[in-house]
Amino acid sequence: MPSRKPLIAGNWKMHKTGTEAALAARQLTALTADAGDDVEVMIAPTFTALSQVKAELAGSTIELGAQNLHWEEKGAFTGEIAADMLIDAGCTYVIIGHSERRQFFGETDQTVNKRTRAAVNAGLRPVLCIGESEVERDAGQTFSVLDKQLQNGLESFVLQDLQRLVIAYEPVWAIGTGKTATSEQAQQVHAHLRKQLASLWDDEFAQQLRILYGGSVKPSNVAELMAMPDVDGALVGGASLDPETFSQLVHYKK
Ligand code: PEP
């Protein structure tokens, strides 16, 4: 059996100032100190909070992530941020292609592809988000939509590029809505994605790759989702903002 270390990741979106984020990180560090080695934790605050949060994470195993990056190394790209800036701030992960970026900021599979390339080239761990809308699910297009996002987002990548990749399946209809995919729905999609990844690259790679579920994960549903054989973690928005609640997710086995 491949060992896929579960990853519980918090996406803090556009919440918390640097001071607030640092306080939350400090509390989270204390609350998860006993979580042990068999679960990995990552938090992704806003860009301005990264360095302050990193300072709070010293001595803890919690990883720092960013919520986006630009594909160029530097230049006249007002409002953007480059991979080496994230690394300098202490990031090891970067979330790419979140549905809110796709929906509100013109993110496409093509820009997702370029951002993922930049992350890989810089040695960051991309958390590539894909997900279908409610209309697409109702029209029976879930798998075809996801396959296209996966294929286009990772077009021209070879196996060697993908060693640090994490995929997050986030059905758009479940993000911030309180509606969660059932554990069976999540498992069905994750198993499908793993099969696709095996056919696009190879089975060994697909078996090692972590596929997170995201969409209204909370303490009351995390254990059931995590019990699914192909669910390797969670990408959490709302329930990651409160350290006590997020810590309950990290301790999903208890
Ligand atoms: C997310 O934004 O990635 C997310 C899953 O949000 P929420 O947990 O609030 O649904």
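Things to note:
- Here r is the Cβ-Cβ distance between Ala30 and Glu155 and R0 is 35 Å; the resulting FRET efficiency, rounded to 0.05, is 0.20.
- For the stretch 21-49 and the stretch 80-125, distance of Cα centres in Å: 21
- Whole-number percent relative contact order across the chain, with pairs defined as alpha carbons under 8 Å at least 6 apart: 21
- Electrostatic dipole magnitude of the chain [Cβ: Lys, Arg +1; Asp, Glu -1; Cα centre; debye, to 20]: 240
- Label zone at Lys254 (point 7 Å along Cα-to-Cβ), backbone N below 13 Å, the stretch 30-53: 30-36
- Residues of the stretch 161-178 with an amide N closer than 17 Å to a point placed 7 Å from the Cα of Phe205 along the Cα-to-Cβ direction: 161-168.
- For Ala168, nonlocal amide neighbours, meaning residues 5 or more places apart or on other chains whose placed amide H falls under 5 Å from its own, are Leu128, Cys129, Ile130, Leu212.
- A simple spin-label model places the labels of Leu23 and Thr108 4.3 nm from each other, with each point 7 Å out along Cα-to-Cβ.
- An ellipsoid equivalent to the chain, defined through the eigenvalues of its Cα gyration tensor, has semi-axes of 25, 22, 17 Å when rounded to whole angstrom and sorted largest first.
All of the numbers you see were taken from the coordinates with simple rules; none came from a lab. Note that the coordinates shown come from a computational prediction; the quantities given were computed from them, not determined experimentally. Please note: Cβ atoms are built from the backbone with ideal geometry, for glycine as well, and neighbour counts cover all protein chains shown.
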